[in-house]
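Structure, as structure tokens:
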Amino acid sequence: MTQVVIGDAPLTIDDVVAVARGGADVSLGAAARERIERAHEVIAKVVAEEQVAYGVTTGFGQLATTHIPADKVHELQENLVRSHAVGVGVPLSREVVRAGMTIRLNTMARGHSGVRVSVAEFVAAMLNADLVPWVPSRGSLGASGDLAPSAHLVLAMMGEGELLGLDGGREPAGPALQAAGLAPLSLEAKEGLSLLNGTQFMAAIGCFAVVDGEALLDSADLIGAMSLEGLRASVGPFEERIQLLRPIPGQLHTAAQVRRATAGSAIMLSHLNCDKVQDAYSLRCIPQVHGACRDALRWLREVITVEVDAVTDNPLVFPDTGEIISAGNFHGEPLALALDLAAMSVSEIANISERRTFRMLTSSLSELPPFLTTDSGLNNGYMIVQYTAAALVAENKILCHPASVDSIPSSGDQEDHVSLGMTSALKFEDVLRNAQTVLGIEALCAAQAIDLLAPLQPGVGTKQGYDVVRGFTPRLDRDRYLAPEIEASARAVKAGQFAAIVHAGRDD
């Protein structure tokens, strides 16, 4: 995808990712331009007639009853941006900021914001020039949306803020805008409020939570299948007839993926008639655990699919009737709850992954040598990688305290219940990163276990997963520096190398 037309069709998660991560250009559709202009005419009339409209001819929050004269509406909007640019902490990534800009552009294109067409065109021009504002990650309460982060975005558009350099550093926005042929944006009535109010940044992270979370689940199915073989566990519990007795969608999906991955496995065939009655839960219950996590992510996909094409501005302009109505679409509760559950689900994937790794390293629980080394004692093998996995799993458990159950009132108690959805989004990023590493560690150990079962060969899919690991690290015959190999394996999970194998094997 090289270009995404905004406003001619519903914006999708794939569209957002194509712009944010794939570098696709954006353009504003003709229908969107017309809708934006019609909404702006309503705002222009309010100002001309000095009607009372929240955030247009009044102050904000607790100051909503303060009247603002027509000759001060420009100053009101720019003061709003400057006063709200109070974010702190490490900056959001380039892809998250680009995703947030794309979602905000689409909100304006829906024709309920009241901004000028030139404002939407300015956002599109910044995206196409890859001018990415420096946006601190902390400071949003998730209602009235992502105010502080959005203010930093708009401050850069005004030429007063900063841009995020390719090296992660900060640079003044004014000179960069000038070099790109863009004059700093001068805000008119309601435009600052329209650009600040909304859920664009938590929704942006939500888009990547969906695509990266689903890739993690596919990776977990394949890597879990590799561990099944390494531990010479049975694929019997994954039979379709068993899953159909409890036909939960995610469970059916995972079981089918493991069956495909292990198809033709000589390792599995070698112990069909062994005397082992049943395997541990971390092996036997992969469909039930992975599947439940997959279904939780399906809910997140449903929420984010709606959110990226929603209007989360406030107040809302209705050109057909000329009304301006204050409402609550900026409240991030739908995202907060879904992201909290998604973080718990990804954490569970890491949790069960670490248990499989532990079993492969513990000779009393497997048919493998201690710590997957043939010369244990002199060599420690993969003993300590499990410590790292355990530390990350423990950290995830702490991070999974739900942000959505909390609320801290603000703005003189006018905004007396907030979602903390941005907090949910940010901690999901940390949980995901930890889980990718935990799965990477499991993949290292599973590949080593498969080597130790030679000459027996793994299945069609698991052999490809094994080849991914052996593409960046050789078999471990004696102790060596393993941290770079853990990083490489985590990168393979993050890049979707294991997930791509699963996708290639599917019929859908």
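Bear in mind that the values in this text are calculations on the coordinates, not laboratory data. Note that the coordinates shown come from a computational prediction; the quantities given were computed from them, not determined experimentally. As a convention, Cβ positions derive from the backbone with ideal geometry for all residues, glycine included, and neighbour counts pool all protein chains shown.
Key figures for this structure:
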quantity: Likely footprinting exposure, CYS293, CYS285, fewest C-beta neighbours within 10 Å first; calculated: CYS285, CYS293
quantity: Total formal charge among the other residues, if their Cβ is under 9 angstrom from that of VAL502, Lys/Arg +1 and Asp/Glu -1; calculated: 0
quantity: The chain - charge dipole about Cα centre, Lys and Arg +1 at Cβ, Asp and Glu -1, debye rounded to 20; calculated: 1480
quantity: At R0 = 30 Å, FRET efficiency that the Cβ-Cβ distance of TRP299 and THR65 yields, to 0.05; calculated: 0.15
quantity: Low-density loop cleavage sites - trypsin sites (Lys or Arg not before Pro) in the stretch 409-508, where at most 15 other Cβ are within 10 Å (DSSP); calculated: ARG475, ARG478, ARG480, ARG506
quantity: Over the chain: helical MRE at 222 nm, DSSP H runs n ≥ 4 each giving -39500 (n - 2.57), nearest 500; calculated: -17500 deg cm²/dmol
quantity: Orientation-averaged projected area, Cα convex hull of the stretch 3-198 (nm²); calculated: 10.4
quantity: Crossing angle, helix 286-307 versus the chain [Cα axis fit, 0-90 degrees, rounded to tens]; calculated: 10
quantity: Proportion of all alpha-carbon pairs of the stretch 111-213 beyond 23 Å (%); calculated: 27
quantity: The stretch 351-508 shape via C-alpha gyration tensor axes, a/c threshold 1.5; calculated: prolate
quantity: Peptides 415-426, 68-79 ordered by average Cβ neighbours within 10 Å, highest first; calculated: 415-426, 68-79
quantity: Whole-Å distance, taken between Cα centres, linking the stretch 50-111 and the stretch 233-282; calculated: 54
quantity: Proxy reagent accessibility, fewest Cβ within 10 Å first, across VAL277, VAL16, VAL460; calculated: VAL277, VAL460, VAL16
quantity: Relative packing of peptides 249-260, 403-414 - highest average C-beta neighbours within 10 Å first; calculated: 249-260, 403-414
quantity: Average Cα contact separation per residue, the chain, under 8 Å, 6 or more apart, as relative contact order %; calculated: 17
quantity: The stretch 3-198 - percent relative contact order, Cα under 8 Å, separation 6 or more; calculated: 24
quantity: Sites ALA30 and ASP430 - FRET efficiency at Förster radius 35 Å, r taken between beta-carbons, to 0.05; calculated: 0.25
quantity: Interchain or long-range residues, amide H under 5 Å from VAL4's placed H; calculated: ASP25, VAL26, SER27
quantity: Which of HIS112, ALA44, GLY165, positive extreme of dipole for the stretch 3-198 (C-beta unit charges); calculated: HIS112
quantity: Alpha carbon centroid spacing (whole Å) that separates the stretch 155-201 from the stretch 1-37; calculated: 20
quantity: Translational D in µm²/s for the stretch 159-317 (Stokes-Einstein at 37 °C, 0.692 mPa s, Kirkwood Rh from C-alpha pairs); calculated: 164
quantity: Karplus 3J(HN,Hα) series, Hz, for the stretch 398-409 with 6.51 cos²θ - 1.76 cosθ + 1.60 (x for Gly, Pro); calculated: 5, 5, 7, 4, x, 6, 5, 8, 9, 6, 10, x
quantity: Compactness relative to 2.2 N^0.38 Å, alpha carbon Rg of the chain; calculated: 1.11
quantity: Rotationally averaged projected area of the stretch 295-376 (alpha carbon convex hull; nm²); calculated: 8.1
quantity: Antiparallel bridges, percent of DSSP beta bridges restricted to the chain (to nearest 5); calculated: 65
quantity: Radius 9 Å from Cβ of VAL119, net charge of other residues (Lys, Arg +1; Asp, Glu -1); calculated: -2
quantity: Likely footprinting exposure, THR262, THR65, THR58, fewest C-beta neighbours within 10 Å first; calculated: THR65, THR58, THR262
quantity: Sorted peptide list for 35-47, 318-330, 386-398, criterion being average Cβ within 10 angstrom, highest first; calculated: 35-47, 386-398, 318-330
